[in-house]
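Below is one structure, written out as structure tokens, with a few remarks after it.
The values are calculated or read from the model by the stated rules, or taken from the named source; none is laboratory data. Bear in mind that the values here come from a model prediction, so they are computed numbers and not experimental data. Positions of Cβ are backbone-derived with ideal geometry, glycine not excepted, and every protein chain shown enters the neighbour counts.
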Amino acid sequence: MDIILLNLHDWSLPIKNPVFLMCILLLTVLTVPALLNRFKLPGIVGLILMGAILGPHGINLLEQGDGIKLLSKIGLLYIMFWAGLEIDMDSFLKNRHKSGTFGMLTFGFPLLLGGFCTYFLLELDWMGALLLAGMFSTHTLISYPIVHRLRIAKNEAVGVAVGGTIITDTLALLLLAVISGMAQGTMSGWFWVKLILSLAVFAGLVFGLLPRIARWFFRRVESDITYQFVFVLAMLFVCGLLAELAGIEAIIGAFMAGLVLNRLIPHSSPLMNRIEFAGTALFIPAFLFNVGMIVNLHVFFKDEKTIVTALILTSVALLTKWLAAIATQRIFGYSKDQGMLIFGLSSSHAAATIAIILIGYEIKLFDESVLNATIFLILITCLVSSFVTDRVARRMAAQNVHSSKGLEKAQRILVPISNPASVANLVDFAILIKTPGQKEPVFPLSIHLDEKDVRTKIKESQQLIAPVVQHAADRQVALSPIHRVDVSAVSGIQRAADELLATEIVIGWHPRVSATERLFGTLLDNLLDESPEMLFVTNMVQSPFSFKSIKVIVAENAHLEPGFVDIMRRIENISLNLDQPLTFLAAETCQAESTKAFLKKTTDRLKILPLEKETWWHLHEHTQPDELLILLCARHESVSSESFMQKIPAYLAEHFEEKSFVLGYPGL
């Protein structure tokens with residue numbers, strides 16, 4: 001009976017059962033960010049909101065117990081450690097003077113103007129106003145992947161913005177240490193002496209001793225990733241402990257540990273992959289979820305003070321970051337776009353912002369209205385950062401594109417196969433896009449999941465591909481079949497593409513989309529996100545060598561894509577190998593560039609017609625059965641990407657079931 005009563009107590013609201021808590025947390029991490037990504041919203045906001053809804057101030061389903069608090073504390077340290085680990089130290093050192101200037105400006109403007117506004121408008125005491133102003137000084141580079149995707153990460157403005165992050169976040173965290181000490185009544189003359197001495201000892205140990213220990217360890221444990229990962233975690237918490245012993249917050253030690261290990265852990269190494277996995281899968285989501293559990297949504301929606309506070313905090317945060325970016329632009333003579341790019345990269349608040357606000361709330365410098373208003377600030381600044389960075393980066397990428405017509409690279413075409421009925425057509429299309437004279441073979445790829453009967457499936461796959469090898473030999477093209485065992489199709493394709501240095505990937509069309517794929521993305525969605533190679537998606541209802549004409553639809557601004565010339569040459573190869581005419585429907589902006597991309601021997605069979613946006617939705621009415629339709633599409637967030645392109649797969653699935661088409665995506 002006692003056991004039964006104990007079990008009933010575990011399942012009463014709020015539920016204290018740790019198994020149930022972990023179940024809810026992991027299901028939230030699994031589904032909520034993926035749902036928000038479909039609507040182009042930051043996933044971190046969803047985790048915070050779910051914590052608020054399910055926590056004590058929401059429906060009171062879950063208790064904020066010791067387990068979630070422990071995971072949250074680890075997640076907080078992990079965020080700061082990862083921020084230090086991810087910073088590009090080469091960019092920082094190369095532009096250290098400019099980064100230093102921007103770092104001081106992006107720390108100083110928010111500190112001065114933010115402190116003034118919060119002191120007089122929010123009527124905080126001077127310590128609370130100063131700490132809140134320090135929060136304005138921090139920023140998180142959530143929009144950095146955009147500049148990486150659009151290939152402008154080497155622009156000097158990007159290096160300056162990244163380098164400035166080190167300075168402003170470090171100063172803001174040191175300010176947090178001082179304000180925290182003062183608020184807790186430990187401030188005195190001896191405090192400053194102790195702080196300076198302890199910081200000197202702390203810096204000596206972290207920057208003097210830790211790198212030597214790390215180099216010694218990594219040299220002797222080169223192959224065991226598990227021990228390397230445990231060592232990195234140990235160094236993270238050792239530095240956090242040393243920081244606390246020095247009288248500063250543990251998050252500063254975590255950030256410094258990341259900076260120290262930055263050069264010792266390659267960004268593309270298996271160890272970095274483990275570090276990223278552990279953080280994104282559990283620790284950081286747990287921290288964000290716990291932040292949400294602290295938030296009182298009732299206060300936010302019912303209290304006018306919270307709404308006013310949210311508007312003031314968000315306005316001041318964006319204004320001061322904009323002023324710092326424009327001042328940096330004027331000082332160093334950057335272009336307007338470079339200035340706005342610096343603003344876009346530095347305007348988002350997430351990691352350090354949450355840390356400062358949470359600590360300020362715990363030491364009673366901020367009330368619930370400030371805590372809840374910060375959630376609004378995080379959402380708005382993350383959206384503004386992504387929007388501004390995307391628009392400016394697209395313009396800069398367009399300016400940097402050079403339609404070079406240099407020597408052709410050695411073509412290495414990878415053809416992943418899953419459907420036995422489509423193998424021959426996929427290989428035939430790969431043969432069509434091969435440049436005459438290229439000697440490299442075509443690489444059919446079979447991916448097998450790591451299961452018990454994998455050997456049997458590999459043997460079956462070898463038997464399946466054997467007739468196709470002879471089929472290609474008849475066309476004087478060599479095949480080099482590959483069989484891989486991997487955890488997923490996308491992972492297997494990308495690993496094979498990296499190992500082969502593939503230039504193109506040819507896959508089959510799959511019209512049906514499951515509910516899981518709608519949530520987490522289809523194979524095509526994931527390949528476009530992960531693979532920089534030129535990608536062709538083919539739907540062949542007849543032999544690729546039987547087409548009598550080729551029609552190509554060229555999206556507006558497609559000529560600005562880095563891989564535009566290369567993919568146009570592949571289309572030219574199709575025309576030459578089929579000896580059939582080409583008809584281009586192209587927007588006015590890229591008609592001339594489309595013509596320039598072809599060799600003179602092809603221009604006599606080329607016809608270019610104007611393209612209206614409405615034409616995309618009437619292609620099925622004007623495409624003949626023996627005509628190959630090629631749609632030149634764009635990856636999400638690329639230079640020529642437009643929102644209507646996301647509807648194209650559904651349109652093709654509905655109207656082109658009995659007609660052939662190809663989706664072409666230029667390489668990066």
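Note on the stretch 468-486: among residues that are closer than 19 Å to Lys439 by Cβ and among the aliphatic types (A, V, I, L, M), the one that is modelled with the highest pLDDT is Ile482.
Screening the candidates Gly67, Gly163, Gly103, Gly58 for the property of being in contact with a Phe, Trp or Tyr (Cβ under 8 Å, 6 or more places away or on another chain) and touching a residue at least 24 places away in the same chain (Cβ under 8 Å) yields one hit, Gly163. Only one entry of Ala502, Ala515, Ala496, Ala489 meets the criterion of being modelled with pLDDT under 75 and either out of contact with any Pro (no Cβ under 8 Å at 6 or more places or on another chain) or not assigned by TED's automatic domain parsing to the domain that holds Glu627 (or both), and that entry is Ala515.
In the condition set (1) modelled with pLDDT of 80 or more; (2) over 23 Å from the mean Cα position of the chain (by Cα), Leu377 is compliant with all but (2). On the stretch given as the stretch 1-59, residues that are more than 16 Å from Thr280 (Cα to Cα), at pLDDT 70 or above and either outside the structural domain of Phe387 (by TED's automatic domain parsing) or small (Gly, Ala, Ser) (or both) total 4. It is to be established whether one or more residues within the stretch 331-348 are of a type in the set (S, T, N, Q), farther than 25 Å from Leu47 by Cβ and either in the same structural domain as Thr170 (by TED's automatic domain parsing) or assigned to a helix (DSSP H, G or I) (or both). Yes, the conditions are met somewhere in the stretch 331-348. For the stretch 265-282, the criterion of being crowded, with 17+ Cβ neighbours inside 10 Å, in the same structural domain as Gly360 (by TED's automatic domain parsing) and among the aromatic types (Phe, Trp, Tyr) is met by none of the residues. Looking for something at pLDDT 75 or above, part of a helix (DSSP H, G or I), of a type in the set (Phe, Trp, Tyr) and surrounded by fewer than 15 Cβ atoms within 10 Å (Cβ to Cβ) - is there at least one such residue anywhere in the stretch 614-635? Yes, the conditions are met somewhere in the stretch 614-635.
For the condition within 25 Å of Glu244 (Cα to Cα), at pLDDT below 75 and part of a helix (DSSP H, G or I), what is the one hit in Leu175, Leu195? Full working, then the answer.
Details: Leu175 fails: at pLDDT below 75.
Selected residue: Leu195, the only one of Leu175, Leu195 that is within 25 Å of Glu244 (Cα to Cα), at pLDDT below 75 and part of a helix (DSSP H, G or I).
Listed by first and then second residue, the pairs linking a residue in the stretch 284-304 that is within 22 Å of Arg274 (Cβ to Cβ) to a residue that is of a type in the set (Val, Ile, Thr) and modelled with pLDDT under 70, with Cβ atoms under 7 Å apart and 6 or more places separating them unless they lie on different chains, are Leu288/Ile44. Among residues of the stretch 365-383 that are farther than 17 Å from Thr138 by Cβ, those with a Cβ under 7 angstrom from a residue that is assigned to a loop (DSSP other than H, G, I, E, B), sequence gap 6+ or separate chain, pair up as Glu368/Asn296; Ser369/Asp303; Asn372/Val295; Asn372/Asn296. Out of Arg412, Arg391, one residue alone is over 30 Å from Leu311 (Cβ atoms), at pLDDT 80 or above and surrounded by fewer than 22 Cβ atoms within 10 Å (Cβ to Cβ). It is Arg412.
When the stretch 596-613 is limited to residues that are surrounded by 13 or more Cβ atoms within 10 Å (Cβ to Cβ) and modelled with pLDDT of 70 or more, the one that is farthest from the chain's Cα centre (by Cα) turns out to be Leu606.
Identify, please: which residue in the stretch 365-374 is assigned to a helix (DSSP H, G or I) and aliphatic (A, V, I, L, M) and is, among those, modelled with the lowest pLDDT?
Here is the first cut: in the stretch 365-374, the ones assigned to a helix (DSSP H, G or I) are 368-374.
This time we only want the ones that are aliphatic (A, V, I, L, M), so: 370-371, 373.
Values: Val370: 84, Leu371: 80, Ala373: 84.
Per the stated criteria, the residue is Leu371.
Taking the stretch 67-82 as the search range and keeping residues that are aliphatic (A, V, I, L, M) and over 20 Å from Arg263 (Cβ atoms), which one is surrounded by the fewest Cβ atoms within 10 Å (Cβ to Cβ)?
Leu70
Filter the stretch 415-434 for residues that are modelled with pLDDT under 80 and assigned to a loop (DSSP other than H, G, I, E, B); which is farthest from Gly667 (Cα to Cα)? Across the stretch 415-434, the extreme among qualifying residues is Asn419.
What residue, among those in the stretch 122-160 that are without any contact (Cβ under 8 Å) to a residue 40 or more places away in the chain and under 20 Å from the mean Cα position of the chain (by Cα), is surrounded by the fewest Cβ atoms within 10 Å (Cβ to Cβ)? Among those residues, the one meeting the criterion is Lys154.
Within the stretch 342-358, is even one residue modelled with pLDDT of 90 or more and crowded, with 24+ Cβ neighbours inside 10 Å?
Yes, the stretch 342-358 contains a residue that is modelled with pLDDT of 90 or more and crowded, with 24+ Cβ neighbours inside 10 Å.
Is it true that Ile68 is in a helix (DSSP H, G or I), closer than 26 Å to Leu264 by Cα and modelled with pLDDT of 75 or more? Give the steps one after another, and end with the answer.
On the way: in a helix (DSSP H, G or I): yes; closer than 26 Å to Leu264 by Cα: no; modelled with pLDDT of 75 or more: yes.
No: the conditions fail for Ile68.
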